[in-house]
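These notes concern the structure reproduced below.
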Amino acid sequence: MAPSVHGYRLGACLEPEHPHCTISDPVYAAEGPRGRCVIKHLRLGFPLRNASCDRWRDTMRAVQAIAHPAVVRVLDAGFAEDGQPYFAMEHVEGEPASVRAARGPTSSAEVGAIITRAAEGILAAEAAGCAPETDARHIMLGPTGARIWNVGVHRWRMWAENLVAGTYTCGGGQYMRHPNLTPAAAKGLPPTGARASAQLALIAFNLLAARPYWNADLNLSGSPFEMLAEVIANAGPPPSARSRVPLLAGFDAWFARCLAEQIADPREAARTLPV
């Protein structure tokens with residue numbers, strides 16, 4: 001049953017394949033003060049404290065202030081009548097990069113354009129103090145180009161649960177426990193530019209290798225940050241996974257540099273992708 005959100009009329013819960021959907025939280029088509037939109041309703045497995053509510057409002061105010069064409073606009077945020085957080089975002093036509101990857105390999109030129117645009121969105125979000133959760137599910141591909149969404153939510157969610165439980169967990173899984181993760185990342189702070197470059201390299205791998213998620217071939221589980229740490233620790237995907245990438249001169253060297261966080265600016269990572 002759809003939650004009650006003041007000022008909005010919620011329609012059907014969107015199917016999992018819809019571009020705005022994620023794994024754990026329901027997403028609804030909606031009509032609101034600004035017309036057609038989409039509402040994501042967070043289903044949390046822990047109680048919210050006043051500090052968590054205040055931080056949600058502060059975080060989402062910062063996200064709403066982001067005005068960049070590579071970031072999906074958040075129109076409103078608050079708490080539904082059941083006390084759980086929600087945010088309303090503009091409705092975007094298109095598909096996530098994970099769905100594009102499932103259809104078959106994407107050309108290196110198109111991948112370069114996608115991660116270049118995603119890099120701009122990441123930097124805009126980080127300039128606002130909001131860490132995007134950047135994986136193939138959160139890169140929207142549509143008529144207006146690649147755009148990132150779900151900005152700021154992942155970091156807030158871990159912080160709020162940590163306030164209650166005293167450990168970084170989410171959905172029952174342990175987060176941020178790998179020794180290769182920097183202290184800043186381990187506290188759920190925004191990733192550095194170099195870490196963003198590593199995340200973009202994994203998205204490039206998704207698209208070039210036609211794999212919707214990087215854990216599909218790498219035998220990984222857990223959060224994007226955990227999976228990224230395991231990939232870094234193992235010096236990249238195993239040969240069986242890398243062989244899925246069409247022969248692209250220099251790809252392995254570029255991929256290794258990104259995963260080793262040797263490229264400080266994600267725009268440079270996108271610019272140097274071999275094509």
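Scan segment 44-100 for residues that are in a loop (DSSP other than H, G, I, E, B) and among the acidic types (D, E) and jot them down.
Here is the first cut: in segment 44-100, the residues in a loop (DSSP other than H, G, I, E, B) are 44-49, 65-70, 72-73, 80-84, 91-94.
Passing the criteria: E81, D82, E93.
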Looking at (1) in contact with a Pro (Cβ under 9 Å, 6 or more places away or on another chain); (2) within 19 Å of P143 (Cβ to Cβ); (3) not aliphatic (A, V, I, L, M); (4) not in a loop (DSSP other than H, G, I, E, B), which is the only condition R36 fails?
(1)
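Could you tell me which residue of segment 123-144 is farthest from G112 (Cα to Cα), considering only residues that are assigned to a helix (DSSP H, G or I) and out of contact with any Leu (no Cβ under 8 Å at 6 or more places or on another chain)?
So the residue we want is A127.
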Six or more apart or on different chains, Cβ atoms under 7 Å: show the pairs whose first residue is in segment 73-87 and over 21 Å from A51 (Cβ atoms) and whose second is among the hydroxyl-bearing types (S, T, Y) and assigned to a loop (DSSP other than H, G, I, E, B).
E81/S4
Surrounded by fewer than 21 Cβ atoms within 10 Å (Cβ to Cβ), more than 23 Å from A210 (Cβ to Cβ), charged (D, E, K, R) and touching a residue at least 60 places away in the same chain (Cβ under 8 Å): does that describe R9?
no
Would you please name the residue that is surrounded by the most Cβ atoms within 10 Å (Cβ to Cβ), looking only at residues in segment 93-107 that are under 16 Å from the mean Cα position of the chain (by Cα) and among the aliphatic types (A, V, I, L, M)?
A97
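Readers should treat all values here as calculations from the given coordinates under stated rules, not as data from a laboratory. Given the structure is predicted, the values throughout are model-derived calculations rather than measurements. Glycine gets a Cβ as well: all are built from the backbone with ideal geometry, and neighbour counts include every protein chain shown.
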